[in-house]
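Input: a single structure, listed below in structure tokens.
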Amino acid sequence: MTVAPVKPETGQAQVVGFHTGNEMAALSAKQIRFHLMGYYPITPSTEIAEILDEMKAAGEHDIVMVPADGEHGAAGICYGAATGGGRVFNATSSQGLLYSLEELPVQSGTRFPMLLDLATRAVSGPLDIRGDHSDVYFALNTGWLIFMARDPQAVYDLNLIALRVAERADVRLPAIVAFDGFFTSHQKRRVSSFEDDATVQDWLGPTPEMVTALDPRHPVTIGPYMNDPDLINNKYQLEQAMNAAQATLPDVIAEYEALSGRRYDPVDLYRMDDAEVAVFLLNSAAETAKDVADRLREQGVRAGVISPNVIRPFPADAIREALRGVRAVVLAERSSSFGGHGSNLSHEVKSALKDDPENRTLYLSRVYGLGGRDFYPEDAEAFFRLAMDAAERGVVDVPFDYYGVEPGDPAKKRPRRGAPALTREETTSGLLRVQPGPDGRLEVEAPPYWQLATKPKRVLPGHGACPGCGIFPALDQFLRGIEGDVVVLYQTGCAMVVSTGYPSTAHRVTYVHNLFQNGAATLSGLVEMFHERVRRGELPVGEDITFVMVTGDGGMDIGMGAAVGAALRNHGMIIVEYDNQGYMNTGSQLSYSTPLAHLTSTSHVGPGELGKAFHHKDTPQIMAATNIPFVFTGVEGFPDDLMAKAAKAQWYAKHQGMAYGKILISCPLNWKTEDRVGVDIVQAAVDSCFFPLYEIERGITRITYNPEPIGRRVPVAEWLKLMGKTKHLLKPANEATLASIEAEVDRRWQRLKVKDEHPLL
Ligand SMILES: Cc1ncc(C[n+]2csc(CCOP(=O)(O)OP(=O)(O)O)c2C)c(N)n1
Ligand code: SF4
Ligand SMILES: [Mg+2]
């Protein structure tokens, strides 16, 4: 992009800084002063909400920030807010975009503008957090405008341009501004921004008058049931809106240039005037190729780079025009349309060229850089050389291919195996016996925990968890209470991320991963397949596997629907949740299990905000309401208790259906504590009755550790004072909030005690 100096006679005062794409996204959102942001954290876009939350805590803006239960929820929140007539913002990446995908056509089809910033990232699976364009390509058919921002400056500028186009009366479409995950989202660049927020707000003007759900005197029906022939007409109108956006773009670009001194034509053309060979690239890779084009020009090669700033509407005319005299072009894309003999935009460029009967450009389509694989000048040069070779010989030998891949030889390269498989004898101590007692509850006969210490670990110690992390000690205690063969499913979270990294694994038992919105459904499918294959005689009749899903507390937000679904179907499996009170592997964002007023990276503390705004989720009680046979809580500091509950969970999973348990574990990194004190903090959480230890067996509640009669109950302040993330709650100014936490903890505890004492509850 060319950054022209601001023209003093027309431009507005600007400041120069050194910022990342995410910072520029947040800055532009703050300056636009959206009414609302609905969001859900996902790397590498998470920082945008984090920065905005920090600014809010500091009192720098008044945007309503709504933390969703998942991206589908975030998209719904944004859509609902947009029907209310204000300005709406969201930010996401990868699976987050895909998880909200079905909402996107709802919004464009009913024509409510908003802005969605997409820090692009490879789509799962397998899971990869780095940047390619496979996510944004899924949005090509959603009816959203799509702008491509090649650097942090463009993120800022295109956010303003996109919103302005989106809100035009004849457009009224939501818009995505996509920039390269990590390459642009996290790398600092020299950038300019308007000094005064008012400049941005004046340029955009007030939110335009639109259909609104908030005017009872003028009721409207938004999203009526619609059938043939109206539906196709609705889509035709959407197409017209895209055309209107295309028509309006030159004006908006010119106006923005007058305001800022920076110009964004629909297609960024670099030395294309007389180019004979060219590469077509999106976003940051195009910048790399520009340097190479310069170098080749010094050697006498007429090389150029063509790179759209907008892909919806697709600037077919400008591309056709730019390629008119080009002899060969490499169309290189960071995404694939598997089986499509070329990725999507390659086909769109080719079809644009077909519309010019005079055009003789040869084209080669290449997929490169998937999963964030770096794109170096040598790679750009290789593309130019492909084009030069085709131009010289007048033929294209390989029209479509992947670039920079090594398919490997399965005979030579096998994933490294971890430790040898566990035998059933090794995992069966024979020391744990579970049987129904006279009152219908299970009785567990178990040795002291230390006697099971010789049972081999199902997760090897060579994982990458932080020092002092409570996950694996607690999981190990839990899994020791389970006898025999186990198949585990881990939802996305710290436990998953630190224990597998292709080609290594810390798991000695069969492990399956699915994304954390759907693990419970996935495991329930596996459980049913197991039983069906046994029934059909395809697996030995005596085969006996216990199925355990391991999830974080965040997985019980976004995956709540799947977990409740599996619970209502009562599959024979265990869900064990390790609760570290936040989305920790993505950098400590709040989860619904984060307690009130705790500090996280999306619930800051400052004059405008006091940590998380609502109380922690009572997941065990929610799961108990599904009437599954067994629900429990546990902590590492009570190993005998935890092990007995594991044994019961296994019995119920085998004989009656689902068991669910929540284990509170320490996260020194994000609780801001020393590594060694995790067990003490968790003990204080139990003794303050914030995290009571209990079980609900076939609907009957029993507290398994009561700190009151033994004189161990402590005020919640005694627990909160142990963590850096809650120290602010002990300040006199925050007395009322502390009292509110104490009151809520006590209210839940008193109800639990009543249940414990009641024979039917
Ligand atoms: C659909 C989707 N949204 C967001 C993410 C990013 N993400 C992966 S794990 C995670 C948080 C997990 O939190 P939790 O379950 O509590 O586990 P923890 O990281 O705390 O161990 C998030 C936000 C994702 N992978 N997929
Ligand atoms: S971030 Fe917290 S939960 Fe995750 S591995 Fe580190 S200490 Fe454990
Ligand atoms: Mg968590």
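The values are calculated or read from the model by the stated rules, or taken from the named source; none is laboratory data. Just so you know, these numbers come straight off a predicted model, no measurement behind them. For neighbour counting, all protein chains shown are included, and Cβ atoms are generated from backbone atoms with ideal geometry for every residue, glycine included. These accessible areas exclude ligands, DNA and RNA; they are computed on the full protein's heavy atoms, side chains included. Shrake-Rupley method; radii C 1.70, N 1.55, O 1.52, S 1.80 Å.
Points worth noting:
- Any hit, the stretch 586-595, residues being away from ligand 3 (no atom under 12 Å from the Cβ), within 24 Å of Y490 (Cβ to Cβ) and out of contact with any Phe, Trp or Tyr (no Cβ under 6 Å at 6 or more places or on another chain): no
- Odd one out for F179, checked against (1) open to solvent by 20 Å² or more (accessible area, probe 1.4 Å); (2) over 23 Å from G11 (Cα atoms): (1)
- Members of the stretch 707-726 that are in contact with a helix residue (DSSP H, G or I) (Cβ under 8 Å, 6 or more places away or on another chain) and without any contact (Cβ under 8 Å) to a residue 40 or more places away in the chain: P707, R712, R713, V714, P715, V716, A717, E718, W719, L720, K721
- Restricting attention to the stretch 374-413, the residues being free of Cβ contacts under 8 Å to residues at least 40 places away in the same chain, in a loop (DSSP other than H, G, I, E, B) and farther than 16 Å from Y363 by Cα number 11.
- Of residues in the stretch 298-330 being assigned to a loop (DSSP other than H, G, I, E, B) and of a type in the set (A, V, I, L, M), the one least open to solvent (accessible area, probe 1.4 Å): V326
- Elements of type strands (runs of 3 or more DSSP E) in the stretch 174-289, at least 1 residues being within 30 Å of R360 (Cβ to Cβ) and of a type in the set (G, A, S): 277-280
- Count of residues meeting criterion [touching a strand residue (DSSP E or B) at 6+ places or on another chain (Cβ under 8 Å) and surrounded by 11 or more Cβ atoms within 10 Å (Cβ to Cβ)] in the stretch 720-760: 8
- Taking the listed residues A685, A649, the one that is open to solvent by less than 20 Å² (accessible area, probe 1.4 Å) and within 16 Å of ligand 2 (Cβ to nearest atom) is A685, with no other qualifying.
- Residue within the stretch 431-451 that is away from ligand 2 (no atom under 16 Å from the Cβ), closer than 18 Å to R508 by Cβ and either touching a residue at least 24 places away in the same chain (Cβ under 8 Å) or open to solvent by 40 Å² or more (accessible area, probe 1.4 Å) (or both) present: no
- Residue that is small (G, A, S) and away from ligand 3 (no atom under 12 Å from the Cβ), where the choices are G582, G608: G608
- The stretch 467-497, residues that are more than 13 Å from ligand 3 (Cβ to nearest atom), open to solvent by 40 Å² or more (accessible area, probe 1.4 Å) and closer than 20 Å to I663 by Cα: P467, P473
- Selection status of T619, within 19 Å of the chain's Cα centre (by Cα), at pLDDT 95 or above and within 16 Å of ligand 3 (Cβ to nearest atom): no
- For beta carbons closer than 6 Å, sequence separation of 6+ or different chains, a first residue in the stretch 261-282 that is at positive phi and a second that is at pLDDT 95 or above, the qualifying pairs are R271/A293; R271/G304.
- Of the helices (runs of 4 or more DSSP H) lying entirely inside the stretch 461-561, those containing at least 2 residues that are within 16 Å of ligand 2 (Cβ to nearest atom) and out of contact with any Cys (no Cβ under 7 Å at 6 or more places or on another chain) span 471-480, 494-499, 555-558.
- In the stretch 340-351, the residues that are without any contact (Cβ under 8 Å) to a residue 40 or more places away in the chain form Cβ pairs under 8 Å with partners that are in a helix (DSSP H, G or I) and open to solvent by 10 Å² or more (accessible area, probe 1.4 Å), at six or more places apart or across chains, as follows: G340/H347; E348/A316; S351/A316.
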